[in-house]
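The values are calculated or read from the model by the stated rules, or taken from the named source; none is laboratory data. Nothing here was measured: the structure is a model prediction, and the numbers come from that model. All Cβ positions, even for glycine, are placed from backbone atoms using ideal geometry, and neighbour counts span all protein chains on display.
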């Protein structure tokens, strides 16, 4: 079956220094779903948790959000996200692509605000990383040409 026709399962990571959001999706339905938020210490995750996710979901492709500045330049956080992506590829022998993640955190916050009850003070806008990961993944599902090599 040609590569462009074969269905793929994907995991996406929204890399952060304290938290890393995770989402799952696949090309058959072209839907992305937020999964979880992993704790990180200075950008270093618990690799056993990631191993468990990769074992459970068996992705054909892993996406990592690339935090670019609005002028398309890369920052220190961009370099850290690329390093994380290279480690995923090396540790788990999976194909990894980077995806521009600009404005996904703001969109995730808007989604949480829209889903919370009016006047409620219970919305926790620090718990958005898995939603941002789903947005990264959904953007790739909508247009896979946006993926970049590590």
Every listed condition ((1) more than 18 Å from residue 98 (Cβ to Cβ); (2) modelled with pLDDT under 95; (3) surrounded by 14 or more Cβ atoms within 10 Å (Cβ to Cβ)) holds for residue 9 save (2)
Hey, could you check segment 109-150 for residues that are touching a helix residue (DSSP H, G or I) at 6+ places or on another chain (Cβ under 6 Å) and at pLDDT below 60 and say which is nearest to residue 10 (Cα to Cα)?
-> 125
Tally of residues being touching a strand residue (DSSP E or B) at 6+ places or on another chain (Cβ under 9 Å) and either within 17 Å of residue 8 (Cα to Cα) or surrounded by fewer than 19 Cβ atoms within 10 Å (Cβ to Cβ) (or both) across segment 57-71 | 9
Is it the case that segment 75-87 has a residue that's at pLDDT 95 or above, surrounded by fewer than 16 Cβ atoms within 10 Å (Cβ to Cβ), outside any strand (DSSP E or B) and touching a strand residue (DSSP E or B) at 6+ places or on another chain (Cβ under 8 Å)?
-> yes
Check 43, 16, 25, 21 and return the single one that is surrounded by 20 or more Cβ atoms within 10 Å (Cβ to Cβ) and out of contact with any strand residue (DSSP E or B) (no Cβ under 6 Å at 6 or more places or on another chain).
-> 16
Read through the list (1) in a loop (DSSP other than H, G, I, E, B); (2) at pLDDT below 95, then give the number of the only condition that residue 59 fails.
-> (2)
Restricting attention to segment 29-56, the residues that are under 16 Å from residue 134 (Cα atoms) and either without any contact (Cβ under 8 Å) to a residue 40 or more places away in the chain or in a strand (DSSP E or B) (or both) number exactly 9
